[in-house]
Amino acid sequence: MRQRLDIADVEAKTKIRAKYLRALENEEFSMLPGPTFVKTFLRTYAEALGLDPHVLVEEYRANYEGGEEPETLTPLGPPGSARERRRVGGGARRIAPVVAVGLGLLAVLIALLVVGLLSGDGDGQGESQQASETETQPRRERTERERPPPRPRRVVLRIAPVTETYVCVDTGPGTETRFEGIIDAPRTFRGKRLRVNLGNTSVEVRRNGRPFEIEPTTEPVGFAFTPRSSRPLPVGERPCA
């Protein structure tokens, strides 16, 4: 509070998760994985605030560990007197080399676990999710390639004149004329069926986004379009003819 820091600032500075920092503040040490982690986090937290970590760790040991050494070995059977426990503790410092190697490996494992807690538990989930997405991506791409595109249900006809062109559009025999006039700019028409009468072939036509080829001629031309097909229209079937 004197340094005007909040939990989020300390979390970013120390890489210790916020819930563990709150547990240290409230002396709820049971929320942490064990005494080794408590002392490690106390040191890191104290150094981040510019405090003496040795004083805090010793105070924790005196109040919550009873001043006993964390690596004391106890014999099997009923507990003995304090003097016997001290003798056993003294003998534990002269353990066999094999046991010492085992304790060294245990310390390495604890250190690795501390590093994992400091870095947070979100990285493993992110890597797992990324690996899962990497595995499913080829399968999804194959499915998208194998799935046929949806069939169009309407005709979207775009007529872009190169020069001024007469255009007449309806939706079939006996239907109302949708458009009739001379255009000099692109126009778009939509419908389930469309019939078009063009005064000349100096136009660019696209049906549902794809180019529609028209053979050049000096005569008017007409076409009937559906979502799946097209056909030329004789003069007698053209709209406005």
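Determine the per residue accessible area of segment 139-229 with all protein chains present and a 1.4 angstrom probe, expressed in square angstrom. Mind showing how you got there, number by number?
On the way: 6380 Å² over 91 residues.
Result: 70 Å² per residue.
Just to confirm the filter: which GluC sites (Glu not before Pro) across segment 1-59 are DSSP coil and have at most 16 other Cβ within 10 angstrom of their Cβ?
Details: sites: Glu11, Glu25, Glu27, Glu28, Glu47, Glu58, Glu59; in loops: Glu27, Glu28.
Counting only loop positions with at most 16 other Cβ atoms within 10 Å, the GluC sites (Glu not before Pro) in segment 1-59 are Glu27, Glu28.
Two decimals is fine: what is log10 I(q)/I(0) at q = 0.12 Å⁻¹ for segment 140-224, from a Debye sum with one equal scatterer on every Cα and no solvent?
-0.41
Extending each Cα 7 Å along its Cβ direction at Ala62 and Ala107, get the distance between those two points in nm, one decimal.
Result for the modelled spin labels: 2.6 nm.
Evaluate the Kirkwood expression for the hydrodynamic radius of segment 1-57, namely the inverse of the mean inverse distance over all pairs of different C-alpha atoms, and round to one decimal in Å.
The Cα-based Kirkwood calculation yields 11.4 Å.
The values are calculated or read from the model by the stated rules, or taken from the named source; none is laboratory data. Since the model is a prediction, treat every value here as computed from it, not as a measurement. Counting neighbours? That spans all protein chains shown, and the Cβs are built from the backbone with ideal geometry, glycine included. Accessible surface areas use protein heavy atoms only, side chains included; no ligands, DNA or RNA. Shrake-Rupley method; radii C 1.70, N 1.55, O 1.52, S 1.80 Å.
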